[in-house]
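Let me begin by presenting the structure, written as structure tokens, before commenting on it.
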Amino acid sequence: MTINQIIRELEPYNIHLLIVLVLIPSVSWGYGKVASGERWAGSPFKYVYTALVYISSVPGILAAVLTCYALFIERSSLLNINIVVYFMPIISMVATLVLIKRSVDLKHIPGIDRLYGILIVIAITFTVSLAIIKTGIWIFFGSSLLTLFVTAIVLFALLEIGIAKLFGSKSNLEKPTE
């Protein structure tokens, strides 16, 4: 089953998907009105914010990758794509993050730095893969497209390892006080 077939299978559920994608920022806004301020930092409120961030970010990141793939690699026309599947998760993610940021500082949300890190790594990997495709360099002088995808996956893994080694984890950076 291809990506386009999966998207065609989702078309009858566009209204349901749209309702969910609009509901996530709406809940973020409402929850921001109820649990705003500094009192949330040490309480269970941060887990609700964490859930809202991840519920909106995972589909948003996947939609961003799908949109970039469709526009830059497949060269699909914007007139032929499903707006709800391609753009609404991205809009929902941005709206949710903006609304939550108005209520609380995002640095207090568990795992937000990892989420930003994966966004950066995906962007770098996509840019390198796109550069390889656009320049017409076919790996090993005319290999298959599978070789190109394997190379992109290897680049992704190397970037992930390199970034982890470059910045390290927070546990490595913090020295225990005696």
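Among the residues making up the range 69-108, those that are at pLDDT 85 or above, of a type outside the set (Val, Ile, Thr) and closer than 24 Å to residue 3 by Cα are 82, 86, 87, 88, 89, 92, 93. Regarding the range 49-57, can at least one residue be identified that is outside the structural domain of residue 133 (by TED's automatic domain parsing), part of a helix (DSSP H, G or I), in contact with a His (Cβ under 9 Å, 6 or more places away or on another chain) and modelled with pLDDT of 85 or more? Yes, the range 49-57 contains a residue that is outside the structural domain of residue 133 (by TED's automatic domain parsing), part of a helix (DSSP H, G or I), in contact with a His (Cβ under 9 Å, 6 or more places away or on another chain) and modelled with pLDDT of 85 or more. Comparison of 31, 69, 49 shows that the only residue that is touching a helix residue (DSSP H, G or I) at 6+ places or on another chain (Cβ under 7 Å) and within 28 Å of residue 124 (Cβ to Cβ) is 49. Evaluate the range 4-13: report whether one residue or more is of a type in the set (Asp, Glu), outside the structural domain of residue 130 (by TED's automatic domain parsing) and within 30 Å of residue 134 (Cβ to Cβ). Looking for residues that are of a type in the set (Asp, Glu), outside the structural domain of residue 130 (by TED's automatic domain parsing) and within 30 Å of residue 134 (Cβ to Cβ), one finds none in the range 4-13, hence no. For the range 86-105, a residue qualifies if it is free of Cβ contacts under 8 Å to residues at least 40 places away in the same chain and surrounded by fewer than 18 Cβ atoms within 10 Å (Cβ to Cβ), and the qualifying residues are 87, 94, 98, 101, 105. The single residue among 65, 128 that is modelled with pLDDT under 80, more than 30 Å from residue 35 (Cβ to Cβ), surrounded by 12 or more Cβ atoms within 10 Å (Cβ to Cβ) and of a type outside the set (S, T, N, Q) turns out to be 128. In the range 73-85, the residue that is farthest from residue 21 (Cα to Cα) out of those that are touching a residue at least 60 places away in the same chain (Cβ under 8 Å) and in a helix (DSSP H, G or I) is 73.
The values are calculated or read from the model by the stated rules, or taken from the named source; none is laboratory data. No experiment lies behind these values; they were computed from the predicted model shown. Positions of Cβ are backbone-derived with ideal geometry, glycine not excepted, and every protein chain shown enters the neighbour counts.
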